Each structure stands twice: as structure tokens, then as C-alpha cells.
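The values are calculated or read from the model by the stated rules, or taken from the named source; none is laboratory data. Not measured: the values here are computed from a predicted model. Heads up, the Cβs are rebuilt from the backbone with ideal geometry, glycines too, and the neighbour counts pull from every protein chain shown. Protein only, heavy atoms only, side chains kept; ligands, DNA and RNA dropped before computing areas. Shrake-Rupley method; radii C 1.70, N 1.55, O 1.52, S 1.80 Å.
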Amino acid sequence: MKARKSPAALKKTPKTTDEIGAGGELHQRVKGDHPALTTNQGTVVSDNQNSLRANPRGPTLLEDFILREKVMHFDHERIPERIVHARGSGAHGFFELTKSLDRYTTARVLTEVGVKTPIFTRISTVAGGSGSVDTPRDVRGFAIKFYTKEGNWDLVGNDVPVFFIQDAIKFPDLVHAVKMEPDRGFPQAASAHDNFWDFISLTPESMHMVMWIMSDRTIPRSLRMIEGFGVHSFRLIDAKGESTFVKFHWRPKLGLQSTIWDEAVKIAGADPDFHRRDLFEALSDGKTVEWEFAVQLFTQAEADAFPFDHLDATKLIPEELVPLQVIGRLVMNRWPDNFFAETEQVAFCPSHVVPGIDFSNDPLLQGRLFSYLDTQLSRLGSPNFHQLPVNAPQCPFANHQRDGHMQMGRPKGRVNYEPSSLAGDSPRESPIAGFRSAAVHEGGEPSDTRGRIRAESFADHYSQARQFYLSQTAHEQAHLASALVFELSKVEHPHVREAIVGHLRHIEAGLAGRVADGLGMATLPVAPKAAMPVQDLPPSPALQIIGKMKATLEGRAVAILVAEGSDGAIVAALKKAAVAAGAKVAIVAPKIGGATLADGSLLPADGQLAGTPSVMFDAVAIVLSAKAAKALCQEAAAIDFVRDAFGHLKAIAVDTGGVALLRHAGITGDAGVVNADDAKGFIAAAKLRYWDREASLRTLA
Ligand code: HDE
């Protein structure tokens, strides 16, 4: 074989990419004002294509410090992913207070109306690894870092208001049970397996959370359409040191919306990054994403009268009992510049609070106060993780902590201790302005003794689960029951399936019957002994999703399927109307190059039919010539396109060609199938989902 020329010789006479190695000549062709490529020590690199060799076909030399530095850095690019919530998407933005809570707290972030506090938010799935898909059935983490004038406040919540367990000591067991099984290394990002349901079947306190995770809340349409909850009770502290309990809520401006299970499964294949892409594209398009921030405030006396213990994270406080007060808004407006530096390295800790905000005695929260700081050490590798730009407070901060791995600061002066008298400018404590814990008496009753005890007031595991189920619409109840049938059908051990159905008997007899029937059980399993009688709490419509969906195309996506010979006027009218209504519109065609319309013009496509299924949209229009429709009747992707849109209860607009495709796919039509000539009618239809259609399409439990 002919030896290649030396790099120096090639630089002088670049001829073919083969001769110079991939990239060399191409680089030179790129226009722009490029800075010189250097090593991490600033030495300018002359050749980034070829390593240093003893002769053109000889061994690589150890002397090549440029190669060694580059590969060493690459070899260490990964840090441990989060043990839970590994897959997440982050964004910058601000929080603006609209109503002061100065009656309750001294925290300036909650008292200074109109002030915009910078924030970084990360929304995540829980169970999957960092490379897992965006749409498994899973809770979404909803973590916000407020860079306030008084220090960082991290509100690290979820998109459902309750949790699986009452005590932090159970968290490692819960997470081990839901993650992939240790002997086989699967399933990834899925709770539908024996270990999870085995643990749950033996943990009655999880039953309320089971209702939430089996509802469509855990298969959201978009990260922009989920609620957020601080979950635990916190305290606000006023200037006198008096405290009021508070629960935090986020409510999406776009309303709540979920997918249905079949849709979520297909989206996972069509676009594993569905949620991340949706958020990225919305922010890149200059849109903002907004939530209302609301609080529930209550006193100790009010808490004592609740029919549950608010310190128990498996319970929520119904809005009907303590109304939500909207006090501000959260706006996401900027995707991070760099995913790793910001979204991956951001370190949230529930223990990061500011003066005026304090913790409750919720034993789950208390455990979290320890855990998050601890995990940052193994993930980020240094107690100086707070110095990373995404984690650093945006207010002055100073103390006598020093040194450690990756110390970036250069604290000046002689004094690094306190008390001291040698320096007039060393940081000192501030008794008045500094953080003070709520002055609450923790003595308990004289008979109370120290011990590993679960309070009796935490013993009601079924009443709120029952309230949740009975608060849902009939469609949502059917989805919840079907989700249980799906998950439990993946469980190999019959006794685990039976144990879960036993718990359901305490929640609602009809639900237990539906699930038992769906699992093919001949008789209803025995219900376990309940620690206390189940209460009949009033239904709370605020727990629904369908009731909180907004009839809007804002934040939604519409596809128009075209092919050779489509009617351009119809397509243009539909597109114009959908864009005006706030939708993102994509033209989908059999070929990515687009389609020549009936008038001879070329309509470019945004997506190719086989790679852009209808699961990626909220409504679709099918505009086809008779000839193209005939051809597409032989095309599985086209038939799936309309069948899935119909099966996922979406509006479909059709012209005569579209009707032919629908007929071929066996779709007869209903109120959600409208004429493509009528753009206005399509927009009205596209804002809704056709829940009644479902009964004719699939067997729900
Ligand atoms: Fe977490 N959780 N958690 N968690 N959690 C973590 O912290 C933990 C819990 C939540 O986007 C970890 O930095 C314990 C409830 C979110 O970076 C870890 C307990 C709620 C995120 C940890 C809980 C959450 C985490 C993993 C039981 C809702 C992602 C990496 C006492 C209110 C934050 C990390 C982000 C992350 C521990 C329970 C929400 C291991 C011990 C309840 C949103 O520290």
C-alpha cells in the first residue's frame, strides 16, 4: 500500500479528502472568523486530523501530548447520572410575584411584587436512565432553583401531589423495586414488572399514589402541560418568628393534557425525545412557557382539624378544603447554552431555603434534607459544586469554608476562621437578617418517647385513593383501571396480582371488579386488613385531567398529510387557520422533498410520512388527490397515520381523497371527522379529543 504523505506536506498541497484525512480540507472551506483550536493549556494545534506517528504507517508516539490530552478528557466526559430522575430537560426563566405574602413570611422572593427572580427549572422522569425515552408511564420531577437576592431556594417537587411512601427509610427499597431488576438488567423505565408490584402490594401506604400513577397524569402530552407540586408541607415564617404551613402548586397556562397509553407507547418509538424536543422547539421559536404559582396556607389549628395528617406525604390537601391562592408566575424563556454544564450539573437540594421559608416535620422531607447534598458529592465530585455557574447563588456569598477539589474561588486575606479579630472585613453571622428556624415546640406529649414509630395519624391508606378514583370522569376511570390491568398482566407472580386487587377492594369495589375481570380472575381475592375504616371523602374535580384540559391549539401541533396532486388552496387555508389558532403546523408527505400540488407548485415537506406518524400531532388533516389516495391505500404508514389519529381520539379533516383513505382504513367517522373545506370547523374540532369514540375502538377495563 502506498504510504500517505506527512501532515506538513499535505497542508501545503491539499488535494482530496482521502489524501488529507476526513475534515481537513472541509474545515478550510467553512467561512467565518474561527478562533485558533488549542489544547487546554492554550497551545495552538496545527493538525486535528492526524496523530503523531513514527513514520507514515508506523506506530503512534506516546510523545503526542495533543492526542493524549484530547483522549484523556474524552475518557472522563461522563459523570454518574442521577440515581433517580436521570433523564431531564432544563430551561432558564424567571419567577414573578403578583401577590405579596408579607403577612406570612419575610422571604423577599415571596413579598416583593413585580420583582423578577431568575430561575432554572429541570423536569425529569424518575425511573429511566439518562438515555431513556421521554414518554414512559412515570412521575415527572419538577425542580426549580430560584436565584433570590437572599440565596438560592430550591423547590424540588413532582407533577403529582403525593408520594409512594411516608418515611425516607423506605426510599432505597422503593427505587430498587421500580428500577430494572438486578439479575436481568431490565425493564428500563417501566414499572410494569414483578419487583415493583411486589413491593407495592406489601406497602398499603402507596395505594393513593398508585391511583395517580395509573391515571393519565403519568403519560403527559408535553412538559408544558403538567402541574407541579412541592408535595410536602413547608412553613413560612414572619418577622415575629410565627409560622404558617404552606403547600406549593404550579398550574400550566396551557392547561393539563395527557396522551393515551397506546399513543405514549408509539411516541416512544417515533420520537424518543418527544418532550425534550417539544420544549426545545417552543423556546427556540421564541415562545415562553408559563405556570401559575399558587399556595395553600393553613395554620396548625386548621391542620389539626383535617381528616388526615398533612405531614404524611401520601396525602394531599383538597383544594375544596384549603383553596389555592395564585401569587405569581413562573416563565421559562431560554433553553440552556450547554446541556451538560447546566441541565446535567444543576444540583437541587430541598435543604436550600432562604430566610422566611422553613421545613415541616414530614419524615420524608426530613430524609430528603440529608440525601440531596450527599448525592451531589458523588455526582459532581467536590464540595465546591456550588461554584459551578448553574449552581452559584446570584447574590453575594461568603464564609470560611476553604479549599477542596476543584476550588475555583480565590478568597483573599489571612483570616479563614471565626471568631477572629485580625481582619475588619471577614464574614460574620447576622442574628437579625440570617436564617432562623421556626420557633416551634417539639416536646410532644409527656407520654411520647423516642423510637422508630409511625404515627397513628398516618394509618389511613385508602380514603384519599378512593376520593381520587371517584373524582375522575368515566373515561379517566376506565384508563386507570386499564393501566392497572396492563401493568399487572406483566407481573408473573399471581399472588402479587391478587394482593394488589385485594387493596383495590378497599379503594372502590367497582374498580377491584374491573381489574379482576381484566386479569381473568375467577374470584375476587381477599382484601388485606385495613388499619382503619375507609372514609368517604367528597369528590374533588380538581383531581381530574379532562376537566383541566383547555380547548386550545396553543402549544399543540397539527399535521397536514399531502401527496402529489393535493389541493393547494385547501392546504393553505387549513395551515393559515391552524397557525392563527396558535398551533405548530407540519406538512407531511410521502417524500421529504415535498409534493407537487394540483396547481403545479411544489409544497416542501416538514416530515416524511414513514418517519412522522400522527402520534406526534394533536389533530391531522388529510388532503389527497384521488390518485394519491389510491396509492396511499397500499402504504402501511398512511393507513397507520389515519388509524392512529382516529384511535387516539383526535380530530381528522378530510377532502374526498382523504375520505377514500379513511374508508380503506375502516374508519366510518364521527363528530371529530370533519370536512377539510371548512377550516374554521376543523380548528374548532381540533381543540378537542373525542373520548366517546374510545368505547368502539378498544376494550378498556
Ligand atoms: Fe428525590 N432525589 N428523593 N424526591 N428527587 C433526587 O437527588 C430522595 C422525593 C425529586 O432535576 C436525588 O440530585 C430521597 C420526593 C426530583 O436534579 C436524590 C427521597 C420528591 C429530583 C433523591 C426522595 C422528589 C430528585 C437524585 C425520599 C417530590 C430531580 C439526584 C426521602 C417531592 C432533581 C439528585 C433534578 C432527585 C433522594 C423523594 C423529587 C438521590 C432520599 C418525595 C424532582 O438525592
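Some points to look at:
- Sorted largest first by accessible area at a 1.4 angstrom probe radius, with every protein chain in place, the residues M406, M225 fall in the order M406, M225.
- Antiparallel bridge percentage (DSSP; both residues within the chain; nearest 5): 75 percent
- Cα gyration tensor, the range 624-687 - rounded (a/c under 1.5), prolate or oblate: oblate
- Electrostatic dipole magnitude of the chain [Cβ: Lys, Arg +1; Asp, Glu -1; Cα centre; debye, to 20]: 2020 debye
- Partner lysines for K179 [C-alpha distance under 19 Å; skip if fewer than 8 residues away on the same chain]: K170, K490
- Looking at the range 472-550, the trypsin sites (Lys or Arg not before Pro) that sit in a DSSP loop and have at most 11 other Cβ atoms within 10 Å of their own Cβ are K529.
- Cβ-Cβ FRET estimate between E281 and E302, R0 fixed at 41 Å, reported to 0.05: 0.40
- Using Cβ point charges alone (K and R +1, D and E -1), the dipole size of the range 21-179 about the Cα centre works out to roughly 260 debye.
- Projected label distance in nm at N338 and T656, using a 7 Å step from Cα toward the beta-carbon: 6.0 nm
- Rounded to the nearest 10 Å², the accessible area of D167 at probe 1.4 Å: 50 Å²
- When the square roots of the Cα gyration tensor eigenvalues are ordered a ≥ b ≥ c, the ratio a/c for the range 451-533 is 1.5 or more and a/b does not exceed b/c, which makes its shape oblate.
- Net length gained if the chain between K591 and S51 were fully extended (0.36 nm per residue, minus Cα distance): 190.2 nm
- If you take all other residues with their beta carbon under 14 Å from the beta carbon of E81, and give Lys and Arg +1 and Asp and Glu -1, the sum is +4.
- Cα lying deepest toward the dipole's positive end in the range 40-190, options L174, S130, V115, charges on Cβ: V115
- Largest to smallest accessible area among M408, M616 [probe 1.4 Å]: M408, M616
- If R0 equals 25 Å, the separation of the Cβ atoms of E77 and A36 corresponds to a calculated FRET efficiency of about 0.65.
- Carbon plus sulfur fraction of accessible area for the range 138-252, probe 1.4 Å, in percent: 57 percent
- Overall shape of the chain was characterised from the C-alpha gyration tensor. The equivalent ellipsoid obtained from it has semi-axes of 44, 42, 25 Å, in decreasing order.
- The trypsin sites (Lys or Arg not before Pro) found in the range 174-233 that occupy coil by DSSP, while having at most 12 further C-beta atoms within 10 Å, are R184.
- Förster radius 51 Å - calculated FRET efficiency between L202 and T43 (Cβ-Cβ, nearest 0.05): 0.25
- Accessible surface of the range 582-638 [probe 1.4 Å, protein heavy atoms]: carbon and sulfur percent: 60 percent
- Projecting label points 7 angstrom from Cα along Cα→Cβ for A239 and T552 puts them 3.9 nm apart.
- Unit charges at the beta carbon, dipole of the chain: most positive-side option, N48, N158, L388: N48
- Dipole magnitude of the range 214-286, debye to nearest 20 (Cβ charges: Lys/Arg +1, Asp/Glu -1, about Cα centre): 300 debye
- Rounded accessible area per residue of the range 260-347, 1.4 Å, Å²: 40 Å²
- Solvent exposure of the range 154-258, expressed per residue, is 29 Å² of accessible area, with all protein chains present and a 1.4 angstrom probe.
- Label-to-label distance, S696 versus A531, with points set 7 angstrom from Cα along the beta-carbon direction: 4.9 nm.
- Surface calculation, 1.4 Å probe, protein heavy atoms: H352 sits at approximately 50 Å² accessible.
- Taking all protein chains together and a 1.4 Å probe, the residues E508, E63, E320 rank E63, E320, E508 from largest to smallest accessible area.
- For the range 84-141, the solvent-accessible area with a 1.4 angstrom probe is 29 square angstrom per residue.
- Annotation: extensible slack from R428 through A631 equals 65.2 nm (criterion: 0.36 nm per residue apart, minus Cα-Cα distance).
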